[in-house]
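Here is the structure we will look at, set down as structure tokens.
The values are calculated or read from the model by the stated rules, or taken from the named source; none is laboratory data. Since the model is a prediction, treat every value here as computed from it, not as a measurement. Cβ sites come from the backbone with ideal geometry, for glycine too, and all protein chains shown count toward neighbours. The area values use the complete protein model at the heavy-atom level, side chains included, leaving out ligands, DNA and RNA. Shrake-Rupley method; radii C 1.70, N 1.55, O 1.52, S 1.80 Å.
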Amino acid sequence: MKFLCVECDRQMAFEERRLPGDGTLAAAFKCPGCGRVVALLTNPMETQLVASLGVKIGGTTITAQPLETVRGMVTTGRDDAFTDDGQRTTEGAPAWSAAAQERLGRVPGFVRGMVKKIYADYARERGIAEITPAVMDTARAELGLEGM
Amino acid sequence: MPLNFRTYHELTDPDRSGLPEQIGAQRRRVAERVAGVRQVVAVLSGKGGVGKSYVTAGLSRAVARRGRPVGVLDADLNGPTAPRLLHLPVARCTLRGDAIEPVVNAEGVKCFSMGLLVEDGRPLAFRGPEAESHVWRGALEAAALREFLADVAWGPLDLLLVDLPPGIQRFQELADLLPAPPAVLVVTIPTPESADAVRRALRAVHDRGAPCLGVIENMTGGPFAGDAGDSLAREFDTPLLARLPFHPGVHAWDALAQRLGSAS
């Protein structure tokens, strides 16, 4: 999908994405000519359709995780379905605040490992020393992690 | 005065969302992962209950006994049976780098299945709005199939058997995802009803340009009367690779594996 500023006859550029957490999605697009901003608001079914394709409006800066869609969307997955081979580096790994750990603990076991890695990679790449709920909220919106 | 604005393809500025590029990257990931697989073979039928999964499991074990590296992708996401049919060990799926390791049975058959991931006795369920779920559920299942192809470390294989659910939809998705349509093995039981359903599926395979390696007639010599295997093989000019009785022995599976090796 693309947005056109009819007055300027210019293609509008993606500006920002927000995930309120209720299954909806909001994305802002700005006209590079006149600066006009419009918002795209999708209902839960439309958001789901996009998520089902495994793509993210506004793009993504992180590498896809193995079975990302399956782990992110299946609700009847086994808590103990996955194990990590433990070869991942802990060098430069950010700390987790108590509140962030508590929040991570509420994530179903089926997807928790992947969610933890995504947030850790996000923090590491931005030089964030400690992951807090606020960092998780920002990451969710920036990375398009609906429901995570 | 009516608005005069341009259409989608007339807008050519770089787009940060890059949705076509994201889809393209997904396809490349599938192609790279299966690049080490000599042949992807879809096991299909137009009909349920003809023994596709049973044949897939028996054939894969026979291929492994011949010393050929073989994998089974259980594409029946809602009714996965491969883990039990292949006697897979109870094991967690290991994440290693950018992939998941397939589970390997005692004979060396590599397998990945939704049955390894979903809680016992529960259906495959997805997060999302329940109303109108038929709109998005098919897309999610296709995404799961894509990830089973792209994110499982299949490694070098002579043969990757894809066990499809009844019908033709998952075959079409598989053909969409792979760089080229997969070869096909068709399973039927002897009855004319089965022949009718399988004929439709074979026509779709033909229309898609997928090569058919042959027909396997399953559950012969029992209560099911008919000659579906022969008639379909004649009609589609493809070999009848095997007539399998209800309880085929090792020799029957080995003979099928040998014939398949010749056919492919």
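Kindly indicate whether any position in segment B:95-110 is more than 10 Å from chain A (Cβ to nearest Cβ), of a type outside the set (Lys, Arg) and touching a His at 6+ places or on another chain (Cβ under 8 Å).
Looking through segment B:95-110, at least one residue is more than 10 Å from chain A (Cβ to nearest Cβ), of a type outside the set (Lys, Arg) and touching a His at 6+ places or on another chain (Cβ under 8 Å).
Tell me which of these B:Phe126 doesn't satisfy, since it passes every other one: (1) open to solvent by less than 40 Å² (accessible area, probe 1.4 Å); (2) in contact with a helix residue (DSSP H, G or I) (Cβ under 7 Å, 6 or more places away or on another chain); (3) within 26 Å of B:Gly249 (Cβ to Cβ).
Result: B:Phe126 passes all but (3).
Suppose we filter segment A:1-30 for residues that are part of a loop (DSSP other than H, G, I, E, B) and in contact with a strand residue (DSSP E or B) (Cβ under 8 Å, 6 or more places away or on another chain); how many remain?
Adding up the residues that qualify gives 7.
Looking only at residues that are open to solvent by less than 100 Å² (accessible area, probe 1.4 Å) and in a loop (DSSP other than H, G, I, E, B) in segment B:5-26, which one is farthest from the other protein chains (Cβ to nearest Cβ)?
The qualifying residue farthest from the other protein chains (Cβ to nearest Cβ) is B:Thr7.
When the residues of segment B:25-54 are narrowed to those that are in contact with a Phe, Trp or Tyr (Cβ under 9 Å, 6 or more places away or on another chain) and among the aliphatic types (A, V, I, L, M), which ends up farthest from B:Ala255 (Cα to Cα)?
B:Val34
With the structure loaded, tell me whether A:Gln48 is of a type in the set (S, T, N, Q) and out of contact with any Pro (no Cβ under 7 Å at 6 or more places or on another chain) or whether it fails that test.
no
Scan segment B:41-48 and give yes if some residue there is surrounded by 17 or more Cβ atoms within 10 Å (Cβ to Cβ), assigned to a loop (DSSP other than H, G, I, E, B), away from chain A (no Cβ under 14 Å) and among the basic types (Lys, Arg), otherwise no.
Taking every residue of segment B:41-48 in turn, at least one turns out to be surrounded by 17 or more Cβ atoms within 10 Å (Cβ to Cβ), assigned to a loop (DSSP other than H, G, I, E, B), away from chain A (no Cβ under 14 Å) and among the basic types (Lys, Arg).
Determine, yes or no, whether B:Pro182 is in contact with a Pro (Cβ under 9 Å, 6 or more places away or on another chain) and of a type outside the set (Lys, Arg).
Answer is yes for this residue.
Kindly state which helices (runs of 4 or more DSSP H) lie completely within segment A:31-138 and contain at least 3 residues that are under 26 Å from B:Met114 (Cβ atoms) and more than 10 Å from every other protein chain (Cβ to nearest Cβ).
A:109-125
So that you can scan it fast, the table gives a plain yes or no per residue for (1) open to solvent by 10 Å² or more (accessible area, probe 1.4 Å); (2) out of contact with any Ser or Thr (no Cβ under 6 Å at 6 or more places or on another chain); (3) modelled with pLDDT of 85 or more; (4) among the charged types (D, E, K, R):
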position: A:Asp79; (1), (2), (3), (4): yes, yes, yes, yes
position: A:Gln87; (1), (2), (3), (4): yes, yes, no, no
position: A:Glu91; (1), (2), (3), (4): yes, yes, no, yes
position: A:Gln101; (1), (2), (3), (4): yes, yes, yes, no
position: A:Asp121; (1), (2), (3), (4): yes, yes, yes, yes
position: A:Glu125; (1), (2), (3), (4): yes, yes, yes, yes
position: A:Ala129; (1), (2), (3), (4): yes, yes, yes, no
position: A:Asp137; (1), (2), (3), (4): yes, yes, yes, yes
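Please indicate, with yes or no, whether at least one residue in segment B:217-224 is touching a residue at least 12 places away in the same chain (Cβ under 8 Å) and open to solvent by 50 Å² or more (accessible area, probe 1.4 Å).
Yes, some residue in segment B:217-224 is touching a residue at least 12 places away in the same chain (Cβ under 8 Å) and open to solvent by 50 Å² or more (accessible area, probe 1.4 Å).
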